[in-house]
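Student: The structure is given below, and queries will be raised subsequently.
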Amino acid sequence: MANILLAYHTTDGHTRKICESLQAELAGSGQQVGVASLVDGNVDPTRHDVIVIGASIRYGHHNPAVLEFIRAHQTQLESRPSGFFSVNLVARKPDKNTSKTNPYVRKFLAKAGWKPNLVGVFAGNLDYQRCGPVDRRIIQLIMWLTDGPTDTRAKVDYTDWGEVRRYAEGIVALGAEVNHVLHR
C-alpha cells in the first residue's frame, strides 16, 4: 500500500472534484490517499510515496502557484513516482485530450522542467452561471472562437469519468512500483 498525495489547484472546484473521485478510486484499491489544496500551503510532499498534482486552466494558463510548488519541491517530485493532470475545456476536443496533443500540458511541463511518470488531461466543465458577468462574457467569447456552447445558460460537464478511473489505475501502478522497491 502506497501513501499517495493528490495536491491540486482549482478555479471553480472541478479539479478538486476530480481529485475526490481519484481518492475514492484509490482508497477502494487499498491505497492511503491524502487530498490537499496547493493554496492552503500545508502540502508536504516529503511524507508521501507518490505525488500527483492536478491543476486547472484559466484563460490559457495554470495558476502560478502550481509552478511555484513544482519548483519548490522538484527534488521530491523527481525522487519518487509522480503524476500531473490538467483540467481544461480545450480537452473536450478529441485532438487535444492527451498529454501529447494538449498544448497547455506540453507548454506547462516544458516550462516546469519536470517529467512526471504519469500525465493526464481531462476536459473540465462549463457552467456559465457560476461565473461573474465579466468572466461569463470572456468565456463565452472563447467558446465562440473554439466552436463551444455560447448560451450562457449552458452547464456541461465534459469530463470523461472513465478516463479519470483509468488514470487512477495508473496511480495504483505507480504505488506498486514503490512497494516493489521497498520489498526487494
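Student: I need a count of the residues in segment 46-73 that are assigned to a loop (DSSP other than H, G, I, E, B) and charged (D, E, K, R).
Tutor: Residues that pass the stated criteria total 1.
Student: Between a first residue in segment 23-49 that is without any contact (Cβ under 8 Å) to a residue 40 or more places away in the chain and under 22 Å from SER79 (Cα atoms) and a second residue that is hydroxyl-bearing (Ser, Thr, Tyr) and crowded, with 20+ Cβ neighbours inside 10 Å, which pairs have beta carbons less than 9 Å apart while being 6 or more apart in sequence or on different chains?
Tutor: What qualifies is VAL35/TYR8; ALA36/TYR8; SER37/TYR8; SER37/THR10; LEU38/TYR8.
Student: Another question about this same structure. Identify, by number, the condition in (1) assigned to a helix (DSSP H, G or I); (2) farther than 26 Å from ASP157 by Cα that VAL43 doesn't meet.
Tutor: Going through (1) assigned to a helix (DSSP H, G or I); (2) farther than 26 Å from ASP157 by Cα one by one, VAL43 breaks only (1).
Student: Given the criterion over 20 Å from ILE4 (Cβ atoms), outside the structural domain of ALA65 (by TED's automatic domain parsing) and surrounded by 15 or more Cβ atoms within 10 Å (Cβ to Cβ), identify the matching residue among ASP135, ASP147.
Tutor: Selected residue: ASP135, the only one of ASP135, ASP147 that is over 20 Å from ILE4 (Cβ atoms), outside the structural domain of ALA65 (by TED's automatic domain parsing) and surrounded by 15 or more Cβ atoms within 10 Å (Cβ to Cβ).
The values are calculated or read from the model by the stated rules, or taken from the named source; none is laboratory data. From a predicted model like this one, the values you see are computed outputs, not experimental measurements. All Cβ positions, even for glycine, are placed from backbone atoms using ideal geometry, and neighbour counts span all protein chains on display.
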